[in-house]
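The values are calculated or read from the model by the stated rules, or taken from the named source; none is laboratory data. Predicted model, so just to flag it, every value in this text is computed and none were measured. A quick note on method: Cβ atoms are made from the backbone with ideal geometry, for glycine too, and the neighbour counts reach across all protein chains shown.
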Amino acid sequence: MALPDRKGELLPFSLLAALAVATPLLADGRFFIMSLAAAFLLTGFHFLFRLRDISRASQELSLVATAFLYIPFLMAHLLMIRLLPQGTNWLLLIMLIVMTNDTAAYYVGSAIGKHRLYEAVSPKKSIEGALGGLVGSLGGTLLAKFTFFATLGFADALITALVIGTIGQVGDLFESLLKRSFGVKDSGTLFPGHGGVLDRMDSIIFAAPVTYYYAVYLFGRF
């Protein structure tokens, strides 16, 4: 997300982001908070003392801050989920919900989609497809319950399907918003025909923090 004239300075920010993602491995939430504080301070120093065009400073700083919060901060929650007692099950559940949501949304939208969901951001997505996706998410969650996640109650299955399924769709729309803002079709070229890595991860990234806090504070209470 860096502007063209900042590409040569992308590496230190990328390394800082990678370190932030890994901080949950230290098993102390204070290191996660510390990494965010360090990122902000170092970014502030960087822009202050490498000033080029003061009229663009706030714009460039906003881009870096958004990129840091969007990818490493949210993705760190995937590692935090993995460290939970049933972390592997939760990670598999997220992927299953997202995949069944995407698949059902595509086929339902292609078959009967007539009303645009958010045409300015994603012209091909329909309300019918979005609703079909949520039904698919519920099916995926029930599949998880009866295969590898037996401790997932029916109420939790319903809630996680609807909440994670909805958040995943929002994450997909958010990434589409960013791409349209930057005037690009795909986020990268690593997967020809499928967009970049971010195109494959956008829903999961948004779902990660919601899943983590649900698993920690709400799971089993319904």
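Restricting attention to segment 146-187, the residues that are among the acidic types (Asp, Glu) and in contact with a strand residue (DSSP E or B) (Cβ under 8 Å, 6 or more places away or on another chain) add up to 2. Selection of segment 71-91 for residues being of a type outside the set (A, V, I, L, M, F, W, C) and closer than 15 Å to residue 32 by Cα yields 72, 77. Every condition in (1) closer than 25 Å to residue 142 by Cα; (2) in contact with an Asp or Glu (Cβ under 9 Å, 6 or more places away or on another chain) holds for residue 60 except the one numbered (1). The lone criterion from (1) surrounded by fewer than 19 Cβ atoms within 10 Å (Cβ to Cβ); (2) at pLDDT 80 or above left unmet by residue 74 is number (1).
I'd like to know if segment 150-160 contains one or more residues that are modelled with pLDDT under 90 and either under 17 Å from the mean Cα position of the chain (by Cα) or more than 25 Å from residue 92 (Cα to Cα) (or both). Quick ask: steps written out before the conclusion?
Of all residues in segment 150-160, those modelled with pLDDT under 90 come to none.
Scanning segment 150-160 turns up no residue that is modelled with pLDDT under 90 and either under 17 Å from the mean Cα position of the chain (by Cα) or more than 25 Å from residue 92 (Cα to Cα) (or both).
Please work out if residue 93 is surrounded by fewer than 19 Cβ atoms within 10 Å (Cβ to Cβ) and either under 30 Å from residue 26 (Cα atoms) or at pLDDT 95 or above (or both). In short, no. Out of contact with any strand residue (DSSP E or B) (no Cβ under 9 Å at 6 or more places or on another chain), closer than 26 Å to residue 32 by Cβ, outside the structural domain of residue 200 (by TED's automatic domain parsing) and surrounded by fewer than 18 Cβ atoms within 10 Å (Cβ to Cβ): is that true of residue 65 in this structure? Yes, satisfied.
In segment 101-116, is there at least one residue being buried (at least 18 other Cβ atoms within 10 Å of the Cβ), under 19 Å from residue 202 (Cβ atoms) and of a type in the set (A, V, I, L, M, F, W, C)? Yes, because at least one residue in segment 101-116 is buried (at least 18 other Cβ atoms within 10 Å of the Cβ), under 19 Å from residue 202 (Cβ atoms) and of a type in the set (A, V, I, L, M, F, W, C). Taken over segment 162-196, the residue count meeting the criterion of being at pLDDT 70 or above and of a type outside the set (Asp, Glu) is 22. Does residue 40 satisfy the condition of being over 19 Å from residue 217 (Cα atoms), assigned to a helix (DSSP H, G or I) and under 19 Å from the mean Cα position of the chain (by Cα)? It is false that residue 40 is over 19 Å from residue 217 (Cα atoms), assigned to a helix (DSSP H, G or I) and under 19 Å from the mean Cα position of the chain (by Cα).
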